[in-house]
Amino acid sequence: MALAITSSTYAGEHAKAYLNAALKQAESLKYMTIRENINYKEVMNKVAGANLVKDRSCAFTENSATLTLTEQVLEVKPLQINIDLCKKTMLSDWSGLQQDDFVAYAMSFLGKSIADSVETAIWQGTANGAGSFAGISATGMTTSSSANYTAANIIASLGTLAADLPANIYMSDDLYIYMNKKTYRFYINAISALSAFPFNNMGEYTPVFEGIKIAVCPGIPDNIMYAGESTNIFFGTSLSSDLSEVRVLDMENLDGSDNIRMVAKWTAGVQIGVPSDFTKQS
């Protein structure tokens, strides 16, 4: 029995459910602020004041008080997947799962590819890279130095990173140390070797270092860690606009082939709000 597919198109708000599920498979998005309504650019402003609080008097001393406005621009880039899939590769699995919504099932084929591309681009992407977008820039960030990470030096490296954090963000509720899976493995190896740390006998472990939560983000390159507040790193997209689309086309009636043509279109971008409050160690 042939697999008959009704060609379907979901644009704007109707595409949101499928694309949102795909994007949120990217691990890093759990540890940052997501802005879903950016069609092109959004300016993020930060206002800092100095000498604002005074002793009470009858004078008006506005000249001694200052307000400094800094801004960062979060820009999203249009991205897409266009692919032909043979029905034979999907027929048995779809029928076996007995799913009614073929589009949702088909999007699961693309979801991991979308998530992986977003995960990598957040930390390593370039504006002109094919299928990528501009990743976070270290320009203006607080810097911290370390040798290449090993199980033998990871605790010391984390200590250096924690010591180099700006004082104003230390102990923030949303402060994270961002590392990749390889670095996290060194960390687990190091703390497991400590006789006073019963890691092997614990059930669920919340990864922390000196009270700072650890975010494991596969897209970060080796021998690099970041630290900062999740409310200071922004991922932008516009899942509700006409730039976002999911389309499934059955090509049998058009060219006689046994192919399904799938299209997914979305936007993505990332930006640090206040670079000096984010720290990069390398």
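The values are calculated or read from the model by the stated rules, or taken from the named source; none is laboratory data. Model, not experiment: these values are computed from the prediction. Heads up, the Cβs are rebuilt from the backbone with ideal geometry, glycines too, and the neighbour counts pull from every protein chain shown. The area values use the complete protein model at the heavy-atom level, side chains included, leaving out ligands, DNA and RNA. Shrake-Rupley method; radii C 1.70, N 1.55, O 1.52, S 1.80 Å.
Between beta-carbons, use under 13 Å as the cut-off and find the net charge around Gly219, counting Lys and Arg +1, Asp and Glu -1.
Here the count lands on -1.
Averaged per residue, what accessible surface does region 121-237 expose to a 1.4 Å probe, in Å²? Let's see the in-between values first.
On the way: 5590 Å² over 117 residues.
Per-residue accessible area for region 121-237 comes out at 48 Å².
Go through Thr237, Thr142, Thr9 and list them by solvent-accessible area, largest first, probe radius 1.4 Å.
Values: Thr237 0, Thr142 35, Thr9 80 Å².
Listed by decreasing accessible area, they come as Thr9, Thr142, Thr237.
Any idea of the accessible area per residue across region 241-282, 1.4 Å probe, to the nearest Å²?
Working: 1590 Å² over 42 residues.
With all protein chains present, region 241-282 gives 38 Å² per residue.
Give me the number: length gained by fully extending Ser145 to Asp222, i.e. 0.36 nm times residue separation minus the C-alpha to C-alpha distance, one decimal in nm. Show your work: numbers first, answer last.
Values: separation 77, 0.36 × 77 = 27.72 nm, distance 1.39 nm.
Gain on extension, Ser145 to Asp222, equals 26.3 nm.
Return the FRET efficiency for the residue pair Glu71, Lys213: r is the Cβ-Cβ distance, R0 is 25 Å, and the value is rounded to the nearest 0.05. Show your work: numbers first, answer last.
On the way: r = 28 Å, r/R0 = 1.13.
The calculated FRET efficiency here is 0.35.
Tally Lys/Arg at +1 and Asp/Glu at -1 over every other residue whose Cβ is under 10 Å from the Cβ of Thr33; what's the total?
On the way: positive: Arg35; negative: Asp174, Glu229.
Spelling it out: positives minus negatives among the neighbours equals -1.
Just the number, please: carbon plus sulfur as a percent of the accessible area of region 160-275, 1.4 Å probe, no ligands or DNA/RNA counted.
Carbon-and-sulfur percentage of accessible area, whole number: 49.
Please list, in order along region 221-229, the HN-Hα scalar couplings obtained from phi with the Karplus expression 6.51 cos²θ - 1.76 cosθ + 1.60 (θ = phi - 60°), rounded to whole Hz, x for Gly and Pro.
Karplus-based 3J(HN,Hα) across region 221-229 equals x, 4, 6, 9, 10, 10, 8, x, 8 Hz.
Past 21 Å, Cα to Cα, is the threshold; run Lys77/Lys182; Lys112/Lys213; Lys181/Lys280; Lys30/Lys280 against it and keep the listed order. All intermediate terms of the calculation are to be shown ahead of the outcome.
Working: Lys77/Lys182 29 Å; Lys112/Lys213 26 Å; Lys181/Lys280 17 Å; Lys30/Lys280 19 Å.
Violating the 21 Å limit, Cα to Cα: Lys77/Lys182; Lys112/Lys213.
With all protein chains present, calculate the accessible area of Lys265 using a 1.4 Å probe and round the result to the nearest 10 Å².
70 Å²
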